[in-house]
Amino acid sequence: MSSRHASENRFLTAPTGRLFLAQALPMMVVMSMSGLLTVVDAAFLGHFVGADALAAISLVFPALMATIALSTLVSGGMSSLFARSLGAGRRDEAAAVFARAHGLALCIALVLVAAFFTGGDAAIGRRAGGQQPIAAMAWTFLAITVCASPVQFVLGLHADAWRNEGRAALMAVMSVGVTVANIALNYALIVGLDLGVAGSALGTALAQGLGLSLLIVQRLRGDGFVPLASLRRYSWTGGWRSILVLGAPVSLSFIGIALVSATVIATLRLTAGPAYAETVAAYGIVTRIFSFTFLPLMALALAMQSIVGNNVGAGLYLRSDHVLRLALGFAFAYCAAVEAVLLWGSHVVGTAFIGDPAVVAEVATILQPMISLYLFTGPILVLALYFQAVGQPARTAALTLAKPFLLSPVLVVALGLARGAPTLWLAYPISDGIVFALASAIAIIGLRRRSGAGFGLTVREVPA
């Protein structure tokens, strides 16, 4: 271990309030920069390419969520095992998990590339509904993104490893620089070179490569608990099941987002009529807005996950409980503020992305019902990642999968076909309310069953 390493794990000793802020605030910077990129990129496409470009990105949004889901499947499962191993002082075990996660990530990424070039063209053509220019742009964007997925997946592993080693400030500094570079690249490629959606995808792929290179160089310097040489020392195969089991609930939640988005687009094809292209473009803008607001929230939950994982691994359950309560409070306050701002500005927010008044008006129509119960989203996510951190994937699954796999698709189809396109957006607040009731029930049961081993730690954990 480098001489620069502290002799103790700060996750286990620092005051929890200060520790949580020290981890959460830099992580929020990291995630906010990623969210800013999605917003600025959409604005470049909307103002310099047009509504068809936004519609094309909307068509492939489910596939983009699927790539994020597959990346999270590995990095999320690795994080739970990695953090608890570090907390227990088993750094060799953490290094082995890190190596095995690389093998699994690259294997999944290569399968994804093969699957896209086997059936991607036909799938995009069906979703485009015969609008060939939109289909061509969608295929180009997705082809570049999928080919860059191995870099995306490995970048996720290295970012999560640094986060669990307590280097959130490092991640924040690098993220700001890489995101600024990404925005500059996207502008140069989209506007300067007139590459359209291809420029958007290429800029992001190049920036991801830059980010991964910086993280690898930092680990080569010996700044982490786990040296980069661990990737040569330990096998890249074996032990994949534990990673997959722990990563599955959050990963499936992204698959669920993809499923909901695909259901929305299919329902709009049946119900939106001549306004289909404008409505899909507006939906694409709304998904970018929600990505921007969701990522800082995810940062809060991930900061909590890292601290809780280390402390549960060390048996310090009172500390993990306190961090959970802090995260729940911050998440609720953040979501309430986001909801208030977007409800107030719903009629003008679309102008930041496009000048078409029909699309701007449709953004307000979609956004107002979708955001109406957003304040529940944060506490639910925090609670779900808490259960993942302590090795209880069943509870995480209950909180992350009910909405996207059951409630939202059924409600979208039912409301859209029964009452028309404008009412299908009510599926979102109805689903949010039901999942909040489920989360409340799980929390109450956990509190009633607790026996001195931390909040709700009564279900057998998946071993680290």
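The values are calculated or read from the model by the stated rules, or taken from the named source; none is laboratory data. Please read all numbers here as calculations on a predicted model, not as lab measurements. All Cβ positions, even for glycine, are placed from backbone atoms using ideal geometry, and neighbour counts span all protein chains on display. The area values use the complete protein model at the heavy-atom level, side chains included, leaving out ligands, DNA and RNA. Shrake-Rupley method; radii C 1.70, N 1.55, O 1.52, S 1.80 Å.
Has region 186-203 got at least one residue that is open to solvent by less than 60 Å² (accessible area, probe 1.4 Å), in contact (Cβ under 8 Å) with a residue 60 or more places away in the chain and either among the basic types (Lys, Arg) or not in a helix (DSSP H, G or I) (or both)?
Yes, region 186-203 has at least one match.
Restricting to region 115-135, give me the number of residues that are small (Gly, Ala, Ser) and either at pLDDT 95 or above or touching a Gly at 6+ places or on another chain (Cβ under 9 Å) (or both). Explain how you work it out, then say what you get.
The initial filter retains those residues of region 115-135 that are small (Gly, Ala, Ser), namely 115, 119-120, 122-123, 125, 128-130, 135.
Cutting the leftovers down to either at pLDDT 95 or above or touching a Gly at 6+ places or on another chain (Cβ under 9 Å) (or both) gives us 135.
Total satisfying the criteria: 1.
With the requirement that a residue be at pLDDT 85 or above, of a type in the set (Gly, Ala, Ser) and surrounded by 14 or more Cβ atoms within 10 Å (Cβ to Cβ), what does region 434-458 give you?
Scanning region 434-458 gives Ala439, Ser440.
Assuming Val113 fulfils every condition listed in (1) surrounded by 23 or more Cβ atoms within 10 Å (Cβ to Cβ); (2) under 22 Å from Ala136 (Cα atoms) apart from one, which condition is it?
Here Val113 meets the rest and fails (1).
Can you pull out the residues in region 348-372 that are more than 23 Å from the chain's Cα centre (by Cα), within 19 Å of Leu415 (Cα to Cα) and β-branched (Val, Ile, Thr)?
Thr365
Residues in region 216-225: is at least one in contact with a Pro (Cβ under 8 Å, 6 or more places away or on another chain) and either part of a helix (DSSP H, G or I) or crowded, with 22+ Cβ neighbours inside 10 Å (or both)? I'd like the intermediate steps shown before the answer.
Taking region 216-225 first, the residues in contact with a Pro (Cβ under 8 Å, 6 or more places away or on another chain) are 219.
Next, only the ones that are either part of a helix (DSSP H, G or I) or crowded, with 22+ Cβ neighbours inside 10 Å (or both) stay: 219.
Yes, region 216-225 has at least one match.
Filter region 297-342 down to residues that are in contact (Cβ under 8 Å) with a residue 40 or more places away in the chain, within 19 Å of Asp432 (Cα to Cα) and open to solvent by 10 Å² or more (accessible area, probe 1.4 Å), then give me how many there are.
Counting residues in region 297-342 that are in contact (Cβ under 8 Å) with a residue 40 or more places away in the chain, within 19 Å of Asp432 (Cα to Cα) and open to solvent by 10 Å² or more (accessible area, probe 1.4 Å) gives 7.
Look through region 343-379, keep the residues that are of a type in the set (A, V, I, L, M) and open to solvent by 20 Å² or more (accessible area, probe 1.4 Å), and return whichever of them is farthest from Val245 (Cα to Cα).
First pass over region 343-379, keeping only residues of a type in the set (A, V, I, L, M): 343, 348-349, 352, 354, 358-361, 363-364, 366-367, 370-371, 373, 375.
Filter once more, so that each one left must be open to solvent by 20 Å² or more (accessible area, probe 1.4 Å): 343, 348-349, 352, 358, 361, 373, 375.
Details: Leu343: 38, Val348: 43, Val349: 40, Ala352: 41, Ala358: 45, Ala361: 43, Leu373: 30, Leu375: 29 Å.
Within region 343-379, the match that is farthest from Val245 (Cα to Cα) is Ala358.
At least 3 residues that are at negative phi, open to solvent by 20 Å² or more (accessible area, probe 1.4 Å) and modelled with pLDDT of 85 or more in each: list the helices (runs of 4 or more DSSP H) lying fully within region 1-84 that qualify. Write out each step before concluding.
On the way: elements: 10-13, 16-48, 51-59.
Answer list for region 1-84: 16-48.
Can you name every residue in region 216-228 that is touching a helix residue (DSSP H, G or I) at 6+ places or on another chain (Cβ under 9 Å) and at pLDDT below 90? If you could, list the steps in order and put the result at the bottom.
Narrowing region 216-228 to residues touching a helix residue (DSSP H, G or I) at 6+ places or on another chain (Cβ under 9 Å): 216, 218-219, 223-228.
Gln218, Arg219, Asp223, Gly224, Phe225, Val226, Pro227, Leu228 - these are the residues of region 216-228 that are touching a helix residue (DSSP H, G or I) at 6+ places or on another chain (Cβ under 9 Å) and at pLDDT below 90.
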